[in-house]
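One structure below.
The values are calculated or read from the model by the stated rules, or taken from the named source; none is laboratory data. Just so we're clear, the structure is a prediction, and the values are computed from it rather than from any experiment. No Cβ is skipped: glycine too gets one built from the backbone with ideal geometry, and neighbour counts run over all protein chains shown.
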Amino acid sequence: MIYIQEAILHILDLNTNEPIYSFAGLDITEKFTIDYIHAMIGKVEDSDNMKEGTLAEGGTIVTMLEHITEDFVGVTRALSDKFFKITKLNPEIPPADLLFTRFTMDDVPCLGLFKLNYSDSLTHYVSNETDTLTNQLIINRAILPSARQAIQEGMVLNLETMQFHVIEKKQMITELAEKKFYFTEMFLEESTKPSLKENITIIKKAVQKTSKAFNDEEFVALAETKRAIVHSMEEESVIDNQVIAEQLFGENYAKKEKFFEEVQELGYVNRAPAEMALAGPKFSKQKLRLNNGIELSIPLDLYQDSDVVEFINNPDGTTSVMIKNIEKIKNLF
């Protein structure tokens, strides 16, 4: 249960050269405002790109947050100023408004910070400059994302434990001449654990490297990997690389050792928290692209059913795919 206590919007449009701070909060009696804030919280909490971290005790942000309850407006202005100083020096970071909200989630006090990047949109305006009423088009360059649109950066912070969930995007940092996750590395000054999506990618890469090292069929290994990941998420709400290694390699200790070396090198977090719902519908099917251009999408629970589909290794080294027992075919045009 989420209860919004207060919210405020600060403008960081770089064209003004200075931030435009609000000296009062948003009107949270408006239903559309509450609905919008709820949507922004969901953008972070329900994303497979969400990463976790903890603000260090005595750090800059933690010190700034000491009086967030008594002086919400002042603290959010100070946070916005720190953010603006970073973006002002790095023109590749898109201009935006910062939306802050203080709320409780299941009775836990939290702070939300969401960067609302601008986009261009056409609108009309009425001109009467020549005593002739004329309807004209004009470009509004400060359109905020709708409740349904994705955002690039956002954070939900537990104000009791200082643990945070964050989504972010790398941007070019002028001084370093490279892209960085500036939101966490420069603004929060903290590191994060890999997201669900990143952990799955790490597992995938480790399996690919292991398969290549032992001349195994990659598509077979990846299909088994997806099944193992789904099983681990459904049964334990984690991605357990020990379980995955056991299902993939059994008693082959050489392959297991190679796999563990790869996941460690790539930065995987063992028993990474994961919710099946966040993995998306793509994890309900095995999708294959054949070198002749044919693409197959097979429900996960049917992939290993030999009465439905069979992969046949031919003497010439090629593979045939046989789809069996089809009663009806429907064109999805």
**OP:** Output the residue which, of all residues in the range 261-283 that are within 30 Å of Met322 (Cβ to Cβ) and out of contact with any Asp or Glu (no Cβ under 9 Å at 6 or more places or on another chain), is modelled with the lowest pLDDT.
**Re:** Pro281
Subject >> Output for the range 85-94, where each listed residue is over 20 Å from the mean Cα position of the chain (by Cα) and crowded, with 19+ Cβ neighbours inside 10 Å >> reply: Thr87
**OP:** Spot the failing condition for Leu144; the list is (1) surrounded by fewer than 10 Cβ atoms within 10 Å (Cβ to Cβ); (2) closer than 30 Å to Val62 by Cβ; (3) of a type outside the set (Ser, Thr, Tyr), and only one is missed.
**Re:** (1)
**OP:** Output the residue which, of all residues in the range 145-184 that are assigned to a loop (DSSP other than H, G, I, E, B) and among the small types (Gly, Ala, Ser), is nearest to the chain's Cα centre (by Cα).
**Re:** Ala150
Subject >> Matching residues in the range 21-42 - criterion: being out of contact with any Leu (no Cβ under 8 Å at 6 or more places or on another chain) and of a type in the set (A, V, I, L, M, F, W, C) >> reply: Phe23, Ala24, Ile28, Phe32, Ile34, Ala39, Ile41
Original post:
With respect to Asp46, is the statement that it is modelled with pLDDT under 95, under 23 Å from the mean Cα position of the chain (by Cα), surrounded by fewer than 16 Cβ atoms within 10 Å (Cβ to Cβ) and of a type outside the set (A, V, I, L, M, F, W, C) true?
Top reply: yes
Original post:
So is Glu190 part of a loop (DSSP other than H, G, I, E, B), under 24 Å from Leu89 (Cα atoms) and out of contact with any helix residue (DSSP H, G or I) (no Cβ under 7 Å at 6 or more places or on another chain) or not?
Top reply: no
**OP:** With the checklist (1) at pLDDT below 95; (2) part of a loop (DSSP other than H, G, I, E, B) in hand, flag the one item Ile28 doesn't pass.
**Re:** (1)
Subject >> Lone qualifier among Lys330, Lys256 - being part of a helix (DSSP H, G or I) and either touching an Asp or Glu at 6+ places or on another chain (Cβ under 6 Å) or not assigned by TED's automatic domain parsing to the domain that holds Ser47 (or both) >> reply: Lys256
Original post:
If you check every pair at least six apart or on different chains, which have Cβ atoms under 8 Å apart with a residue in the range 224-247 that is touching a residue at least 60 places away in the same chain (Cβ under 8 Å) first and a residue that is assigned to a helix (DSSP H, G or I) and of a type outside the set (Ser, Thr, Tyr) second?
Top reply: Lys226/Phe283; Lys226/Leu300; Arg227/Gln247; Arg227/Leu300; Val230/Met276; Val230/Ala279; Val230/Phe283; Val230/Leu300
Subject >> Residue list for the range 222-238, restricted to those being at pLDDT 85 or above and crowded, with 20+ Cβ neighbours inside 10 Å >> reply: Thr225, Lys226, Ala228, Ile229
Subject >> Selected residue (only one of Thr33, Thr60 is among the polar types (S, T, N, Q) and at pLDDT 95 or above) >> reply: Thr33
Original post:
Within the range 119-127, can one find any residue that is among the aromatic types (Phe, Trp, Tyr) and either surrounded by fewer than 15 Cβ atoms within 10 Å (Cβ to Cβ) or not assigned by TED's automatic domain parsing to the domain that holds Leu26 (or both)?
Top reply: yes
Original post:
Quick one: Leu79 ticks every box in (1) in contact with a strand residue (DSSP E or B) (Cβ under 9 Å, 6 or more places away or on another chain); (2) without any contact (Cβ under 8 Å) to a residue 60 or more places away in the chain; (3) in a loop (DSSP other than H, G, I, E, B) bar one, so which box is it?
Top reply: (3)
Subject >> Residue list for the range 117-144, restricted to those being outside any strand (DSSP E or B) and touching a strand residue (DSSP E or B) at 6+ places or on another chain (Cβ under 6 Å) >> reply: Tyr118, Leu144
Original post:
Before we move on, is Phe72 assigned by TED's automatic domain parsing to the domain that holds Leu159, closer than 25 Å to Thr161 by Cβ and surrounded by 20 or more Cβ atoms within 10 Å (Cβ to Cβ)?
Top reply: no
